[in-house]
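K.L.:
Before I ask anything, let me first share the structure, which is written out below as structure tokens.
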Amino acid sequence: MRRLFALIPLAAAVALVAALAWPILDGRNPQELPSVLLDKPVPAFDLPGLEPGAPGLASADLVGKPVLVNVFASWCAPCRAEIPRLQALAGDGVTVYGLAYKDDPVATRRFLSDLGNPYARIGVDRDGRTGIEFGVYGVPETYVIDGSGVIRHRHVGEVTDRVAEATLVPLLQELEQ
């Protein structure tokens, strides 16, 4: 009977290790979080612009041609790292819209002044409600929207050269046809 009781802590430790290792070993990519909005129209929204009097960003702006919507914040380190890549995409003719998520507009303006502004338009989502409607888990997140205003892809995390070249640009090119 004592031996049986001695095995209980060992069994509990094995079960705990298995439970903690399962998310790593199940083969899923943590960057590919599911999105209930995939292949559905973008949620209706109308956000103010970053500058006083500047146009904001609304769901109606996301119709007509394929675009990227990048959800970012000045306090986000990966957002800082991805700005040069977003600028390169914009320089190559990709329309990139920004959604300033739960950020102070003064800090957002300083962020873009320091790093450059790749965005054709920016909507200020001060309270995060639009981000919640999109299903944002955190920043940065980037969405590929087709010309009909339908979400075709969601990338969670920094837009790197690899992500842009392997996923975003080919998808945008496919949607252009």
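K.L.:
Quick check on the range 51-66: of everything there that is assigned to a loop (DSSP other than H, G, I, E, B) and touching a Leu at 6+ places or on another chain (Cβ under 8 Å), which residue is surrounded by the fewest Cβ atoms within 10 Å (Cβ to Cβ)? It would help to see each step written out before you state the result.
P.N.:
Step one: list which residues in the range 51-66 are assigned to a loop (DSSP other than H, G, I, E, B), which gives 51-56, 63-66.
Still in the list and also touching a Leu at 6+ places or on another chain (Cβ under 8 Å): 56, 66.
Numbers: Gly56: 17, Pro66: 20.
Only one residue tops the list, namely Gly56.
K.L.:
Moving on to the next point. Residue check, Val169 against (1) open to solvent by 70 Å² or more (accessible area, probe 1.4 Å); (2) under 16 Å from Val94 (Cα atoms), all met but one. Which one?
P.N.:
It is condition (1) that Val169 fails.
K.L.:
Report yes if Val36 is modelled with pLDDT of 95 or more and either exposed (fewer than 13 other Cβ atoms within 10 Å of the Cβ) or assigned to a helix (DSSP H, G or I) (or both), otherwise no.
P.N.:
For Val36, the condition - modelled with pLDDT of 95 or more and either exposed (fewer than 13 other Cβ atoms within 10 Å of the Cβ) or assigned to a helix (DSSP H, G or I) (or both) - is not met.
K.L.:
Looking at the range 132-146, can you tell me whether even one residue there is in a helix (DSSP H, G or I), touching a residue at least 40 places away in the same chain (Cβ under 8 Å) and surrounded by fewer than 20 Cβ atoms within 10 Å (Cβ to Cβ)?
P.N.:
Yes, the conditions are met somewhere in the range 132-146.
K.L.:
Based on this model, can you work out whether Leu47 counts as at pLDDT 95 or above and open to solvent by less than 70 Å² (accessible area, probe 1.4 Å)?
P.N.:
yes
K.L.:
Turning to a different aspect of this structure: Kindly establish whether Asp127 is touching a residue at least 12 places away in the same chain (Cβ under 8 Å) and open to solvent by 30 Å² or more (accessible area, probe 1.4 Å).
P.N.:
Judged against the criteria, Asp127 is a match.
K.L.:
Follow-up question, since we're still on this one. Any residue at all in the range 103-117 that is at pLDDT below 95, assigned to a loop (DSSP other than H, G, I, E, B) and surrounded by 15 or more Cβ atoms within 10 Å (Cβ to Cβ)? Let's see the steps before the verdict.
P.N.:
Step one: filter the range 103-117 for residues at pLDDT below 95, giving none.
No, the range 103-117 contains no residue that is at pLDDT below 95, assigned to a loop (DSSP other than H, G, I, E, B) and surrounded by 15 or more Cβ atoms within 10 Å (Cβ to Cβ).
K.L.:
Which is charged (D, E, K, R), in a helix (DSSP H, G or I) and open to solvent by 20 Å² or more (accessible area, probe 1.4 Å), of Arg152, Arg80?
P.N.:
Arg80
The values are calculated or read from the model by the stated rules, or taken from the named source; none is laboratory data. Because the structure is predicted, anything quoted here is derived from the model rather than measured. Note that we place each Cβ from the backbone using ideal geometry, even for glycine, and neighbour counts take in every protein chain shown. Please note that ligands, DNA and RNA were not included when accessible areas were found on the heavy atoms of the full protein model with its side chains. Shrake-Rupley method; radii C 1.70, N 1.55, O 1.52, S 1.80 Å.
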